[in-house]
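The structure appears right after this line, and notes come after that.
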Amino acid sequence: MPNNDNTTSRPWQAGRRSPSSVHSLVNAKNGLGPGPNRQQGFSLLEILVAFSIMAISLGILLQIFSSGVNTAVIAEEYTVATQIAEGLMATTGVETPLSIGDREGVEEDKYRWRVSISELAPLPDVEQSEAVLLNVNVTVEWGSAARQIELNTIKAAGPAA
């Protein structure tokens, strides 16, 4: 009756391990395999690389947010300047006389404005009426970057004197 037990049928291999079990013991001893000496976690180099990537990403995000805030401030300044120019344009000829010349002023200690009124040259081959056409130019400037907005319109005045 044959015996299937390897240790008794082959006495010369008693106490020997298979090559795969020897391999796993060596790996466990070196910390490479699934054994109890396996080290868990990240190396110092991996942590430094991760922190470097995070620092660069945060720097880029801060630049994006700060440029967004700066753009919002500039847009607000343009909005205020446009409102000032439209207000000056609307009041010219209503609250202030529609007379040829320049007027200047400052709003909110920041926005310098100028209203220039000049006579529009008559068009050739057009029948002239008693009304005079005036070119109204409103310019609002502000900031150290010399930002400005300019509005133009044509308004009709009474008969020329």
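The values are calculated or read from the model by the stated rules, or taken from the named source; none is laboratory data. Nothing here was measured: the structure is a model prediction, and the numbers come from that model. A quick note on method: Cβ atoms are made from the backbone with ideal geometry, for glycine too, and the neighbour counts reach across all protein chains shown.
Conditions (1) closer than 30 Å to Ala156 by Cα; (2) at pLDDT 90 or above; (3) among the acidic types (Asp, Glu); (4) surrounded by 10 or more Cβ atoms within 10 Å (Cβ to Cβ), marked per residue:
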residue: Val49; (1), (2), (3), (4): no, yes, no, yes
residue: Leu62; (1), (2), (3), (4): no, yes, no, yes
residue: Ile74; (1), (2), (3), (4): no, yes, no, yes
residue: Ala81; (1), (2), (3), (4): yes, yes, no, yes
residue: Thr91; (1), (2), (3), (4): yes, yes, no, yes
residue: Leu120; (1), (2), (3), (4): yes, no, no, yes
Margin query: I'm checking my understanding of the structure. Among residues of the stretch 135-161 that are small (Gly, Ala, Ser) and either outside any strand (DSSP E or B) or modelled with pLDDT of 95 or more (or both), which one is surrounded by the most Cβ atoms within 10 Å (Cβ to Cβ)?
Written below: Gly143
Next item on the list: Take the stretch 93-119 and flag every residue that is of a type in the set (Lys, Arg) and assigned to a strand (DSSP E or B).
Entry: Arg103, Arg112, Arg114
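Conditions tested, residue by residue: (1) assigned to a helix (DSSP H, G or I); (2) free of Cβ contacts under 8 Å to residues at least 60 places away in the same chain.
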residue: Ala50; (1), (2): yes, yes
residue: Ala81; (1), (2): yes, no
residue: Ala90; (1), (2): yes, yes
residue: Pro124; (1), (2): no, yes
Checklist line | From the options Leu44, Leu88, residue that is over 30 Å from the mean Cα position of the chain (by Cα), closer than 25 Å to Arg112 by Cβ and of a type outside the set (Gly, Ala, Ser) | finding: Leu88
